[in-house]
1. How far apart, in nm, are two points set 7 Å out from the Cα along the Cα-to-Cβ line at Arg123 and at Leu40?
2. If we restrict to alpha carbons, what Rg and Dmax does region 161-214 come to, in Å?
3. Give me the percent of the accessible area of region 116-206 that comes from carbon and sulfur atoms, probe 1.4 Å, all protein chains in place.
4. Under a point spin-label approximation (7 Å from Cα along Cα-to-Cβ), what is the Ala254-Arg276 distance to one decimal in nm?
5. Multiply the residue separation of Asp168 and Asp79 by 0.36 nm, subtract the distance between their alpha-carbon atoms, and state the gained length in nm to one decimal.
6. When the convex hull of the Cα atoms of region 194-329 is projected onto a plane and the area is averaged over all directions, what value comes out in nm²?
7. Roll a 1.4 Å probe over the protein chains and send me the accessible area per residue for region 90-216 in Å².
8. With all protein chains present, calculate the accessible area of Met336 using a 1.4 Å probe and round the result to the nearest 10 Å².
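The values are calculated or read from the model by the stated rules, or taken from the named source; none is laboratory data. Since we're looking at a predicted model, the values are computed, not measured. Cβ coordinates were reconstructed from backbone atoms using ideal geometry, including for glycine residues, and neighbour counts include every protein chain displayed. For the accessible areas, the whole protein counts, side chains as well, though only heavy atoms, and no ligand, DNA or RNA atoms are used. Shrake-Rupley method; radii C 1.70, N 1.55, O 1.52, S 1.80 Å.
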Amino acid sequence: MRLWIALHLPRLPLEVFTPSWSTDAGTDVGTVVLEHERVLVASQTALDAGVRTGMRRGGVLMLLPDARIHARTPALEADARHAVALALLQYTPQVAQAEESTLLMDVGASLRLFGGIRALCRRIHANVRALGFTASLACAPTARGAWLLARANAGRAVRMESLLRRLDRLAVLLAPPARPYAAWFDGIGCHTLGDLRRLPRPGLQRRCGRELLDLLDAAYGLVPELHEWIAPPETFRARLELYDRIDDADLLLAGAQCLLLQLTGWLCARQLAVERVLLQLEHERGRVARAPTGVEIVLAEPTWRDEHLVRLLRERLGRLVLDAPVIGLALEALQMRPMAPPNASLFPEPGG
């Protein structure tokens, strides 16, 4: 059975700067991301104070003089999407980036392995939260159908009949090619994708172009879709900039877990197991620069799961005394071997 999961990251620009696990998350004085000097997205504290999308910087400072204001940084957003995509590779090697901060996953072959679609969705939600983001998740028999459901936060449609009913109720302007013609669709009373399907196709193509019809056909499963899968890099090294100076080693575990999730996805995609990893704790730079503190973990048996690595790392960090505050983390896989398949013999090895 072909089944797709779409993961839309609607708050990504804000959470690139203030992830949910950061030490600032519980003491938000109002965080705002600007694009061209206007508010693109704001935290709940800023919204409660009256900040609205499109507001200028001066208006934000009048309402919240102590607000944390950031300029939108597309490079950081791309890095964050890549980190999420890398972590999702542990569930399927077929992960693709789609428009508007959305990731697509072909999970049809993974359902039995992970206990069905509900259990798999719960695991994906938990991973995204652990990485510090929120997302709307949807699944459908077609990739474009899952994308539309995720953009509308319209839930799951496992069967084609259910997908058709859900798609027919969605707003027509969810489809990007339809947005330039919003006034025309409103004028003719075409408000949903079901209304759009009932329009004469030749006239619709002349008015709006072929792209809209192609999207509609792909969503409803009338034409095949092609995707460019995300390829894992040859080697693994991931870095995370912390959002405050941290001088307690125990507080670093949440950030390290973000990196371990990416490592798990990379190992599964490359069919490798890791034997030795290095976590580097980065300190101040510039005139007071200090060399990073290295925390090396050597495993008795190779693994490709993050649970065991998290336990070992928690023990090591619990015993570590920091000589200087930490401002960044970097995780590197130093030694790997091919992933060993499970023992399929009738009588397993003792202790296996």
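1. So the label points at Arg123 and Leu40 sit 3.3 nm apart.
2. My reading of the Cα-based Rg and Dmax gives 10.6, 31 Å.
3. Numbers: 2210 of 4350 Å².
Carbon and sulfur together cover 51 percent of it.
4. It works out to 3.3 nm between the two label points.
5. 28.6 nm is the gain from fully extending Asp168 to Asp79.
6. Projected area, direction-averaged: 14.2 nm².
7. Value for region 90-216: 47 Å² per residue.
8. About 70 Å², rounded to the nearest 10.
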